[in-house]
Structure formats: C-alpha cells, structure tokens
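Quick notes on the structure that follows.
The values are calculated or read from the model by the stated rules, or taken from the named source; none is laboratory data. Given the structure is predicted, the values throughout are model-derived calculations rather than measurements. Cβ placement follows ideal geometry from the backbone for every residue including glycine, while neighbour counts extend to all protein chains displayed. Each accessible area value is taken on the protein alone, full model and side chains, heavy atoms only, with ligands, DNA and RNA left out. Shrake-Rupley method; radii C 1.70, N 1.55, O 1.52, S 1.80 Å.
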Amino acid sequence: PGRPLWITETADEACGGNPWAATFLDSFRYLNQLGTLARHGVQVVMHNTLNASDYGLLDEKTLEPRPNYWAALLWRRLMGTTVLDPGASHSTNLHLYAQCERHVPGGVTLLAINADRTRFEELSIAGPANRYTLTAPHLQGKWVRLNGKALTLGKNDALPALTGVSVRAGNVTLAPASITFFTFGKAGNTACKGNTCGCSWGRELAEAIQTPSMQFFRSDWSSLI
C-alpha cells in the first residue's frame, strides 16, 4: 500500500497470436487500456515489444512504425501524469479520459475514443482547443492518418510534425472509428497549475470519477469488428 504501481510488460496477446495487433484496430484497445490503467493509479506502463512479433510498435522487418507507435507517441506528448475526471460519456461506445496537458501549466488534454464503426458522436467543449484525430482507411490496415494526413517517416527516418487543428468552443463531431485528443492549453485547471515539466508523480482524481472495470475495456470493441 502506498507504493508506486508499474506494469513492466503488457501487450494485447501472448505469443504474438492476435492478427489485429499490428493494425489500427488495436489502437482503440491500446489507448483505452492506458486511460483505464491511469485511472487505477498505474504510473508506468511498459509495452512489449518494440520491434518483435505481431504486437511490436515497429515492424520487425522494415522498422516502419505501426499504428500503436503513433498512438503511443501522441499519448506521451499530450497526456500528463495527473488524472482528471472527464465527466460521464453519453454513449457506451464513446470512451473519455482526461489528464493534465504535458508541459502546459493549467492545460488539460481530453482523449475521446469513438469505438462505433458507423455512428458519429458529438461532444460539447467549453473552450478553444487543438484537435489531433487518428483515423485509418482500413481498420485492419497498418496505415494511420492524423487529421486526414498519412503518418509516415521522413528523410533519414525523421518523425513528421504532429500538429493539431484549432477548433472553437461548441459542438465537435467525432467520426466513426476514430481516436481524438483535444488539448486545452488555456483551461486554467487548478490541479494542473504545477504541471510545468509533465513529470510529477502526483495524481489528483476528482471525487466523482467512475473507475471502469478491467473487463470493460477488454470486451467492449465488438462494434468495431
């Protein structure tokens, strides 16, 4: 009790047996897992593996990033270490997670996962935000788009710019089978005021937060298949 909780090895399937592991379909499970574990107070999650088997973040032959690599990169750049209450979702296939925005004092990042492959969802946001939406031409494909643009490595394997799109306060639409990060740099959230480096171990969960069960994130993706 009172000790930090780290998960030193996790992926979606033992022995590389899941054919979806290298596709965009698994990014829904992966980010939902990270959000759920953060709510449970897990401070570090180590993915197995980097570039071996079906569930490696990189293709083991070409070293090309797989969809989960891009998902992990956005999480690492945008999600800080203080967990917040995102409020209740109005849909069983819309999963919401909120944490302080990394490196932005007072900023908040909201992760919205629309796990319905046919239905659009709407959210009402109270202030201006930068939007980062991941989609793919094929759910079980190995290519992913950020705000409609394909994510690929550049010259000498340089990472592309991961740039958000500005959106105004009001209703925003979430496409079917999409993953969206919203960053609210001017939110002024008091729990995030000390979030200058994004490295604090302090976790402040709102009293009203609902902690989903582990069974929830393991079994709720049937609408995507």
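A few notes on this one:
- In sequence order, the range 96-106 has phi-based couplings of 10, 9, 9, 8, 4, 6, 5, 6, 10, x, x Hz under the Karplus curve 6.51 cos²θ - 1.76 cosθ + 1.60, θ = phi - 60°, and Gly or Pro positions carry x.
- Summarising the amide proton neighbourhood of Met79: residues at separation of 5 or more, or on other chains, whose placed amide H is nearer than 5 Å comprise Arg102.
- Taking θ as phi - 60° and the Karplus parameters 6.51, -1.76 and 1.60, the scalar couplings of the range 171-179 work out to 7, 10, 9, 10, 5, x, 6, 9, 10 Hz in sequence order, x denoting glycine and proline.
- The range 13-71 shape via C-alpha gyration tensor axes, a/c threshold 1.5: prolate
- Rounded Å value of the spacing that divides the Cα centres of the range 124-178 and the range 23-92: 15 Å
- For the range 121-162, a/c is not less than 1.5, where a ≥ b ≥ c are the root eigenvalues of the C-alpha gyration tensor, and a/b does not top b/c. That puts it in the oblate class.
- Close amide H pairs (under 5 Å, H built 1.01 Å from N) link Leu84 with Ala98, Gln99, Cys100, residues at least 5 positions away or on another chain.
- For the range 139-195, the set of trypsin sites (Lys or Arg not before Pro) satisfying both a DSSP loop assignment and a count of at most 13 other C-beta atoms within 10 Å is given as Arg168, Lys186, Lys193.
- Ligands, DNA and RNA excluded, the heavy atoms of His47 present near 40 Å² of accessible surface to a 1.4 Å solvent probe.
- Coupling constants for the range 162-167 follow from the phi torsions by the Karplus curve (6.51 cos²θ - 1.76 cosθ + 1.60, θ = phi - 60°), and in residue order they are 9, 9, x, 10, 6, 10 Hz; glycine and proline get x.
- Candidate residues Phe120, Phe181: accessible-area rank, largest first, probe 1.4 Å: Phe120, Phe181
- Percent RCO, i.e. relative contact order, over the range 1-132, from Cα pairs under 8 Å lying at least 6 residues apart: 18 percent
- Inter-probe distance in nm under a simple model that places probes 7 Å from Cα toward Cβ, at Phe120 and Arg76: 3.5 nm
- Trypsin sites (Lys or Arg not before Pro) restricted to the range 55-122 and DSSP loop, no more than 11 other C-beta within 10 Å: Lys61
- Nitroxide proxy distance, nm - points 7 Å out along Cα→Cβ at Leu162 and Ile7: 1.9 nm
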